[in-house]
1. Show me the helices (runs of 4 or more DSSP H) entirely contained within the range B:63-134 in which 3 or more residues are more than 20 Å from the chain's Cα centre (by Cα) and closer than 24 Å to B:Arg38 by Cα.
2. State whether the residues of the range A:150-157 include one that is open to solvent by less than 50 Å² (accessible area, probe 1.4 Å), more than 9 Å from every other protein chain (Cβ to nearest Cβ) and not small (Gly, Ala, Ser).
3. From the list A:Ala154, A:Ala188, A:Ala150, which one is in a helix (DSSP H, G or I), of a type outside the set (Asp, Glu) and modelled with pLDDT of 95 or more?
4. Within the range B:168-181, track down each residue that is at the interface with another protein chain (Cβ under 8 Å from one of its Cβ atoms) and in contact (Cβ under 8 Å) with a residue 24 or more places away in the chain.
5. Which of (1) within 16 Å of DNA strand C (Cβ to nearest atom); (2) more than 14 Å from every other protein chain (Cβ to nearest Cβ); (3) open to solvent by less than 60 Å² (accessible area, probe 1.4 Å) is the odd one out, the single condition A:Glu45 does not satisfy?
6. Does the range B:183-213 hold any residues that are buried (at least 19 other Cβ atoms within 10 Å of the Cβ) and without any contact (Cβ under 8 Å) to a residue 24 or more places away in the chain, and which are they?
7. Being of a type in the set (Ser, Thr, Tyr) and more than 18 Å from B:Leu204 (Cα to Cα) is the filter; apply it to the range B:112-148 and report the residue that is most open to solvent (accessible area, probe 1.4 Å).
8. Can you give me the number of residues within the range B:182-223 that are within 25 Å of the chain's Cα centre (by Cα), within 7 Å of chain A (Cβ to nearest Cβ) and hydrophobic (A, V, I, L, M, F, W, C)?
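The values are calculated or read from the model by the stated rules, or taken from the named source; none is laboratory data. Since the model is a prediction, treat every value here as computed from it, not as a measurement. Every residue, glycine among them, receives a Cβ derived from its backbone with ideal geometry; neighbour counts consider all protein chains shown. When the accessible area is computed, the model is the full protein with side chains, heavy atoms only, and any ligands, DNA or RNA have been set aside. Shrake-Rupley method; radii C 1.70, N 1.55, O 1.52, S 1.80 Å.
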Protein chains: 2
Amino acid sequence: MAYSAGVSETQPTPQPGTTTQGRPRRPEPSGQAASATRALRSDAERTVRTILEAAERVLSKNPAATMEQIAEAAGVARTTVHRRFASREALVDAMAAWATRQFAAAVDAASPENTPPLVALYQVTANVLRVKSDWGFAMSRALSADPEVARVHADVEQRCTRLFERARSAGVLRADVDYVWAKRAYYALIHETVRSRDGDPDTLAVRLVDTLLRGLGTGQSLT
Amino acid sequence: MAYSAGVSETQPTPQPGTTTQGRPRRPEPSGQAASATRALRSDAERTVRTILEAAERVLSKNPAATMEQIAEAAGVARTTVHRRFASREALVDAMAAWATRQFAAAVDAASPENTPPLVALYQVTANVLRVKSDWGFAMSRALSADPEVARVHADVEQRCTRLFERARSAGVLRADVDYVWAKRAYYALIHETVRSRDGDPDTLAVRLVDTLLRGLGTGQSLT
DNA sequence: AGAACTGGCAACACCTATGATGCAAGTTCT
DNA sequence: AGAACTTGCATCATAGGTGTTGCCAGTTCT
């Protein structure tokens with residue numbers, strides 16, 4: 001952190017947040033970003049996105065990667081990363097926030113209440129696969145401290161539950177299934193599908209939903 | 001570890017690394033012979049096991065935990081951990097080796113060739129759940145450099161494939177299933193089941209296999 | 001009992017990742 | 001064009017983790 005006992009009194013508050021550097025007048029809580037701060041200049045904005053994307057690429061391969069490696073992948077100096085993100089934690093939080101927004105958008109774009117649940121399930125699955133294959137790391141860490149992120153997450157979660165309920169009501173899911181387990185199984189299959197990128201989201205979604213609903217057996221000897 | 005403190009004379013420190021028993025060990029980078037490892041005294045042996053178990057407990061919660069934390073969890077001084085395991089890497093390798101042996105034993109104990117595949121599937125699943133819930137971290141890192149471990153792993157892998165083949169032949173699995181996907185889905189469900197410990201292995205195995213084979217749907221509107 | 005081994009402790013050496021600055025050169029915006 | 005902003009670079013400071021070593025008290029084994 002910056003200890004304000006700074007030698008140079010030119011600036012009272014060195015505010016190394018995600019935003020503009022040094023000078024500014026706005027005493028934001030350190031950490032992430034936001035709306036209250038002045039908008040970044042276009043080139044800076046571009047840099048931020050580049051860093052976020054590089055971080056996802058690098059960290060998804062090696063969660064213990066250093067800031068240096070991330071910077072290198074982004075084609076920037078390490079100091080620039082630190083200028084944009086106060087700390088490693090702030091960077092990860094920003095990634096989570098960004099990914100969460102993408103995630104929410106993906107779900108929103110695909111599950112209108114009036115769509116038949118089975119159709120909605122395919123659509124949501126395909127969309128989620130798309131996002132998660134690009135933002136897997138960030139999404140796995142989505143237990144963000146940011147209340148806004150938490151809210152969005154809870155919202156998506158609930159939407160998912162709702163979808164499953166509709167599926168059951170419509171007779172797509174068996175009446176005796178345990179929601180909790182159903183969702184876990186669903187997530188597990190999504191996770192596994194993403195882990196091994198082998199096909200386009202739509203095809204994968206079909207295979208996934210098919211497995212989830214029909215399983216892989218013939219059903220013969222199972223009571 | 002890599003910075004060769006070449007100055008340090010080859011001292012008869014009988015600590016070539018991760019020793020559990022008199023297993024042949026990999027050649028040390030620093031050039032000194034990892035020769036005839038004497039069997040550990042009973043108390044030392046106990047310490048080694050305690051450390052391995054503590055490491056699993058700690059690392060499964062936080063893969064980035066420090067040696068200090070591991071030592072503390074084991075009720076041992078940090079230096080003792082280093083005395084038993086040359087480096088963090090050596091510790092993890094030893095964990096992987098240990099877990100792999102448990103794993104192999106669990107599979108061996110449950111899948112005789114003559115058992116009906118469905119029965120074998122339940123048994124293997126239950127046993128694997130048992131082991132994996134205790135050695136989840138170690139098993140996830142089972143890409144050990146140790147050739148012996150790799151061999152055991154490949155063996156188990158093959159055994160699993162064989163089981164799936166038998167299941168298909170017996171009409172338990174549909175004829176059109178993709179083995180690769182089938183195994184992935186199976187692993188994914190295992191992983192998810194282990195992640196949320198909520199029941200005894202046998203019950204969980206039933207639920208898991210049931211989901212894998214029948215899925216969660218009614219099968220009505222699916223082509 | 002006595003030799004050999006083991007663990008705790010304290011101290012040390014070393015390395016790496018992190019984060020902060022100041023400055024000069026380049027870019028964006030108005 | 002000129003102010004404001006941004007980045008790279010070189011530099012510094014620091015913390016925390018890793019791995020060693022020596023010594024002593026306690027344990028194990030024979």
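1. Passing ranges, in order: B:78-84.
2. Scanning the range A:150-157, I find at least one residue that is open to solvent by less than 50 Å² (accessible area, probe 1.4 Å), more than 9 Å from every other protein chain (Cβ to nearest Cβ) and not small (Gly, Ala, Ser), so the answer is yes.
3. Details: A:Ala154 fails: modelled with pLDDT of 95 or more; A:Ala150 fails: modelled with pLDDT of 95 or more.
Unique residue meeting the criteria: A:Ala188.
4. B:Val172, B:Leu173
5. All conditions pass for A:Glu45, except number (3).
6. Across the range B:183-213, the qualifying residues are B:Ala188, B:Leu189, B:Glu192, B:Thr211.
7. In this case the residue turns out to be B:Ser140.
8. Qualifying residue count for the region: 5.
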